[in-house]
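Worksheet for the structure shown next.
The values are calculated or read from the model by the stated rules, or taken from the named source; none is laboratory data. As the structure is a prediction and not an experimental result, all values here were calculated from the model. Virtual Cβ from ideal backbone geometry, glycine too; neighbours counted across all protein chains shown.
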């Protein structure tokens, strides 16, 4: 990554900026930042309870369902205080299905209830109930991603990516590739030079752009989340085009 950043600073790339957002921070101001922060989850201190809350939300967002329904369902879990591994397990499958249905998560209620129970049980059995412990024992990013996926059936790369991108620069080993949604949005908005398609290089470029605006590395997930939101809008618009 260091060599990438040196290359970016050297001016070897020419920006193709031609959009209404004159800065990354302007995009965040318009579309919103971190998904976790929007839910009232604060990850900066790496509090294990807060990290588990975000994991629950990432599981909900990781299914092909609207952000609105996933967010509403997470708030149903929060309002009933089912936001720790212990409470999740003690709530049980039947009550979890009811909570999920109240949030509007009807299409995937059975599978998701099973997934939430399974991941909480494995977290207890293998990592003392703490996702921080899971991170600490992981050898590198690939191992970290694999351990998250191995928490339960149905936790795939999409869910792991959603979860880990908001822990970027907070957890040392959390460095997922830039999502295709964010990459497409960054290209369309002109934040990347000449249709850059290499995900890792694009990530380095965007991180450099963010830091050039005086922003901290830890706050980069705000920019990434705004790009994801724009990417989702682009995907929905494309789906509406006939043919």
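Filtering 112, 91 for residues that are in the same structural domain as residue 76 (by TED's automatic domain parsing), under 21 Å from the mean Cα position of the chain (by Cα) and not in a loop (DSSP other than H, G, I, E, B) leaves a single hit, 112. Tallying residues that are surrounded by 18 or more Cβ atoms within 10 Å (Cβ to Cβ) and not in a helix (DSSP H, G or I) within the stretch 130-156 yields 5. Per this entry, residue 222 is not counted among residues that are under 18 Å from residue 168 (Cα atoms) and surrounded by fewer than 17 Cβ atoms within 10 Å (Cβ to Cβ). The single condition from (1) within 28 Å of residue 133 (Cα to Cα); (2) not in a helix (DSSP H, G or I) that residue 194 fails is (1).
Look at (1) crowded, with 19+ Cβ neighbours inside 10 Å; (2) at pLDDT below 95 and you find that residue 164 fails only one, number (2). Note on the stretch 1-52: residues that are in contact with a helix residue (DSSP H, G or I) (Cβ under 9 Å, 6 or more places away or on another chain), at pLDDT 50 or above and not in a loop (DSSP other than H, G, I, E, B) total 15. For the stretch 197-218, the tally of residues that are assigned to a helix (DSSP H, G or I), in contact (Cβ under 8 Å) with a residue 40 or more places away in the chain and surrounded by fewer than 22 Cβ atoms within 10 Å (Cβ to Cβ) stands at 7. Of all the residues in the stretch 81-128, those that are in contact (Cβ under 8 Å) with a residue 40 or more places away in the chain and surrounded by fewer than 16 Cβ atoms within 10 Å (Cβ to Cβ) number 3.
All of (1) in contact with a helix residue (DSSP H, G or I) (Cβ under 6 Å, 6 or more places away or on another chain); (2) more than 29 Å from residue 234 (Cα to Cα); (3) in the same structural domain as residue 74 (by TED's automatic domain parsing) hold for residue 126 with one exception: (1).
Of the listed requirements (1) exposed (fewer than 12 other Cβ atoms within 10 Å of the Cβ); (2) modelled with pLDDT under 55, residue 64 misses just one: (2).
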